[in-house]
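Notes to accompany the following structure.
The values are calculated or read from the model by the stated rules, or taken from the named source; none is laboratory data. Quick caveat: nothing in here was measured; it's all calculated off a predicted structure. Don't worry about glycine lacking a Cβ; one is built from the backbone with ideal geometry, like all the others, and counts go over all protein chains shown. Note: areas computed on protein heavy atoms with side chains; ligands, DNA, RNA excluded. Shrake-Rupley method; radii C 1.70, N 1.55, O 1.52, S 1.80 Å.
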Amino acid sequence: MRVEKGSISPKDLTFSVFCFMQGTVLRSGFIISVTRQDSWAMAITGFLLALPILAVYIGLLQKFPGKNLIEIDDIVFGPVFGKILSALYLFFFVSLAALNTRDLGNFVAGYMMPETPIAAVVIIFLAGCAYTLHKGIENLMHLSVFFTIIAIGALAANSILLIKDVQPDFLRPFFQLKFPEFVQGTVSVAAVPMGEILAFTMITPMLGEGRKAGKPLLLGLALSAVSMALVVMRDIITLGPLVAIVSLPSFESMRYVSLAGILTRMESIYAVVLVILFLFKVSILLYAFVLGFTQLLSGKSRPQTNPDHGGQAREKEQPRGQRSAPPLMLISVAFVFFYSLFVFESVMENMNWGATAAPFFSLTFEFLLPAVSLLVVCLKKTGKAREVKA
């Protein structure tokens with residue numbers, strides 16, 4: 001698994017963040033069940049709460065330019081504690097990959113092909129993710145602009161066709177949430193999906209020298225917040241009280257589309273877009289896990305490759321652990337396959353976990369651990385500065 005500096009652009013990173021989060025945005029049932037008609041506002045408050053989380057990531061990346069999260073852990077905490085912390089991050093990445101894979105399996109087996117065993121859906125989907133990684137993560141990120149156009153186009157077309165069915169009164173009464181529900185909704189959105197951009201700290205070194213990741217990450221996060229607010233608001237004014245009951249509000253909204261009795265079954269477009277976005281997100285998570293796992297086993301830093309060199313030169317520069325990425329990829333995909341099948345027994349259990357325990361689970365890895373790393377870095381620099389003055 002080669003990592004080349006300068007192989008992606010800031011634009012690729014921005015739209016990759018947007019595509020990465022759209023899969024979760026289109027599955028907004030876990031938050032709407034709690035915050036109901038005020039759910040659209042959670043996209044705004046969740047984005048504001050996610051800004052300090054993003055600031056921690058940017059702070060670490062700026063202090064260690066050209067390094068990914070696993071390499072930063074080794075530098076900050078040393079070879080022993082650094083690897084322990086890295087193993088925790090890898091557990092988080094593979095857990096997110098398994099959870100999203102199970103969500104995809106539940107969606108396809110429950111709505112698109114009810115007679116199909118979920119295991120068959122999952123294995124075909126993961127095979128697609130493995131093929132995507134085999135072709136190169138940078139190629140997938142180059143396609144993020146195309147995927148974004150598809151997602152926004154489908155959203156716009158479906159929203160226009162639903163205009164005749166909307167009832168703005170469903171948004172009332174405004175801001176009637178109790179404070180605990182408001183906090184729960186805000187934290188849930190900040191952690192799931194916004195804080196999950198932690199996975200991109202494994203990819204940002206691909207931007208190359210002189211290119212900062214802060215602005216693309218922030219812009220991608222902001223675009224996702226706007227998209228989430230619009231999607232949730234559309235679902236609320238279309239479904240009304242039903243929005244808090246169904247597990248996939250966006251999918252149910254699409255079933256309302258009917259133009260002169262000819263243009264119907266628009267939910268099929270939603271299904272195709274959702275599968276594409278799921279594949280994009282899980283591929284990113286698998287890449288973050290496999291790359292980190294490779295570096296953890298090899299005990300070496302990512303090589304400083306030159307895109308101008310030939311393929312054979314790059315291959316020679318790869319450490320032994322990097323060349324073992326293909327078998328590690330297959331092992332990782334197999335692990336995600338079994339993990340996803342046993343992670344939850346039912347869709348309702350999944351939704352309940354997403355609305356209650358998931359934010360606290362995610363924030364432990366998304367905010368607490370990176371914040372500790374940044375604090376340690378700042379304390380070390382402060383101590384060195386005092387020693388120099390003394």
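Data for the structure
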{"read-out": "Selection from L155, P249, G78, by position along the positive dipole direction of the chain (Cβ)", "value": "G78"}
{"read-out": "Rough spin-label spacing in nm, given labels placed 7 Å along Cα→Cβ, for I84 and Y111", "value": "4.3 nm"}
{"read-out": "Under the Karplus curve 6.51 cos²θ - 1.76 cosθ + 1.60, θ = phi - 60°, whole-Hz ³J(HN,Hα) for region 280-295, x wherever Gly or Pro sits", "value": "4, 5, 5, 5, 4, 5, 5, 4, 4, 5, 5, 5, x, 4, 4, 5"}
{"read-out": "Fraction of accessible area attributable to carbon and sulfur, region 167-280 (%, probe 1.4 Å)", "value": "67 percent"}
{"read-out": "Computed magnitude of the charge dipole of the chain (debye, nearest 20; Cβ of K, R +1, Cβ of D, E -1)", "value": "1200 debye"}
{"read-out": "Sum of -39500 (n - 2.57) over DSSP H runs of 4+, divided by residues of the chain (222 nm, nearest 500)", "value": "-23000 deg cm²/dmol"}
{"read-out": "Accessible area (Å², per residue) of the chain, counting only protein heavy atoms and a probe of 1.4 Å", "value": "44 Å²"}
{"read-out": "Distance from region 202-254 to region 35-70 (C-alpha centre basis), Å", "value": "13 Å"}
{"read-out": "Difference of contour (0.36 nm per residue) and Cα-Cα distance, V272 to E209", "value": "19.0 nm"}
{"read-out": "F335/E181 FRET efficiency (R0 35 Å; Cβ-Cβ; nearest 0.05)", "value": "0.45"}
{"read-out": "Cα-centred dipole magnitude for region 37-125, charges only on beta-carbon of K, R (+1) and D, E (-1), debye, nearest 20", "value": "220 debye"}
